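Below is one structure, written out as structure tokens; comments come after it.
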Amino acid sequence: YVKLRDESIPLAEKNLNKLLADESQKAQIFDDIVGVLAQVKMDRDAVEVLLPTADTIDRLVQEIQHLEKEVEDLEYSLNSSGQGGKSLDEIQLELNSVQRARDTLSIEVDDLRDQHRVLTDDLSSAQVRWHTVREEKVKASSAMNILRKAEAELVALEEEKEKVTMEKKVLEETLDPLSKEKDSLLQEYNASKQRFDQEYHSLAERKRNFQQELDALGRLNMKIKAYLDSKKVEKLSALKEKLSLKKIELQNYEARKQGLSAELNKSKELLQSQGQLKRNIDDNLKYRNTKAEVDRLTREIELLEERVLSIGSLSTVEADLKRHSQEKERLNSEFNRFQGTLSVYQSNISKHKQELKQAQYKDIEKRYANQLLQLKTTEMANKDLDRYYNALDKALMRFHTMKMEEINKIIKELWQQTYRGQDIDCISINSDSEGAGTRSYSYRVVMHTGDAELEMRGRCSAGQKVLASLIIRLALAETFCLNCGILALDEPTTNLDGPNAESLAAALLRIMESRKGQENFQLIVITHDERFAHLIGQRQLTEKYYRVSKDEK
């Protein structure tokens, strides 16, 4: 009962209030969604109304194109024949009228195209809003399902609360007689304890009296001993004589007493025999009644002790009662505080309702719905732009990686075909990102010898630099300039030795051989090295050969 009252019922009420708040919020959202859905339906109906106009526009455009073809055919036939059944003025008038009709139709077609574009934009925006509203409707449906489940749980909690209330009433009804029985048992226990305490005090008092009497007898014994020690022998003998005389008199009296006692005993024997029997019977009855009463009281005491142990000590009961009283006071204070907060909220609600009736808040729900729709549309557009940007960024990164691999592959092939030295196996371009999350790269040319990799800057000769720059330019042209096939080389053999120049000429010949089928490919070489010019100036590949010399004048 205490757990239901202090934990289960407050938790269920808290959940109930939370679910009611969620229900009101979801109902408001659902109303907003219904309004937006109605607006979207109106827009869709308007677009459907304009669809026949768009069909008419398409039909008119097709008719205009057909008429233009007919006009062109007529013009061509007139130009070819040069003669006709009509005069030149009549033909000119007809042409002018046809031209004016054509201009009018062109203007109408432009207007219809503008209307078609506007309608298309409206249709796309309406579709976007319709999709948004449909998503909101799905969310609202899920929220309504959750709300229905919450209502079902609320009904179950209400039923459970009613059951708990009934059990609480039953427990209270059962607790009342138990409390009364507990009070009566406590009263009996207190009375028994008081009676036993009184008996204990009386026995203690009797013990003290017996001790006092015993002390007094001891003091008398001491006095007698002192008195006997202080008398003289003479007095003792005189007293002995008197004592003997008294004994004789006492014997006489005893003899008389015995005679009288014998007669008296004879007269009392009859009475004593009957009185003794009566007393024995009365004592036996009193003993049995007393024993039965003692046994009953012992059993009652044991039962009371068991009940007290089962209920708990009086201090425990008092502590529980005090704790429950404090809890009740705390709950009452919280209830009063919540009542005050509720009254403040209600006053604020009424004040806000009065404010909403002002002119500046007119059609506030519609304006809020429009702004919310615009906000959601903007957020969706931003998300789409972010998604497109990330996709484009990833595509650019993949494109960069792919092109760098392709460039390095071409550079490696050209270097191995051209370079005649043995110190460098191949070269490549390495790209290092300058910062995380950026597309800025720093490029460097490195040379490979076996498994070693070194940067070429400051470690190669001038000829190797020239050859590397030519090969890199050729690789870039092969990769990025397939549709722009002009390759111009100015003094490509500068700082190159004979074998490397021959290798470069052979590489250029291979490029010309592979590109000779391409229509837009053209190689322009300017050089002072006649031997290099003869090597690449083969007749089957070279179309034109110019020898430029300085005039002697």
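The values are calculated or read from the model by the stated rules, or taken from the named source; none is laboratory data. Since the structure is predicted, the reported quantities are computational estimates derived from the model, not experimental observations. Using ideal geometry, Cβ is built from the backbone for each residue, glycine included, and neighbour counts are taken over all protein chains shown. With ligands, DNA and RNA removed, areas are computed over all heavy atoms of the protein, side chains included. Shrake-Rupley method; radii C 1.70, N 1.55, O 1.52, S 1.80 Å.
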Does residue 353 fit the bill of being under 28 Å from residue 136 (Cβ atoms) and open to solvent by 100 Å² or more (accessible area, probe 1.4 Å)? yes
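Look at residue 349 and say whether it is in contact with a Leu (Cβ under 9 Å, 6 or more places away or on another chain) and either of a type in the set (Gly, Ala, Ser) or part of a helix (DSSP H, G or I) (or both).
It is false that residue 349 is in contact with a Leu (Cβ under 9 Å, 6 or more places away or on another chain) and either of a type in the set (Gly, Ala, Ser) or part of a helix (DSSP H, G or I) (or both).
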Could you grab me the full set of residues in region 459-479 that are farther than 24 Å from residue 542 by Cα and open to solvent by 70 Å² or more (accessible area, probe 1.4 Å)? 459, 465
All positions within region 439-458 that are within 52 Å of the chain's Cα centre (by Cα) and either open to solvent by less than 60 Å² (accessible area, probe 1.4 Å) or modelled with pLDDT of 80 or more (or both): 440, 441, 442, 443, 444, 445, 446, 453
Residue 122 part of a helix (DSSP H, G or I), among the charged types (D, E, K, R), over 29 Å from the mean Cα position of the chain (by Cα) and closer than 28 Å to residue 29 by Cα: yes
Every residue from region 445-498 that is β-branched (Val, Ile, Thr) and either within 22 Å of residue 515 (Cβ to Cβ) or in a loop (DSSP other than H, G, I, E, B) (or both): 471, 472, 479, 486, 493, 494
Reported set for region 512-543 where residues are within 23 Å of residue 500 (Cα to Cα) and basic (Lys, Arg) is 515, 531, 539
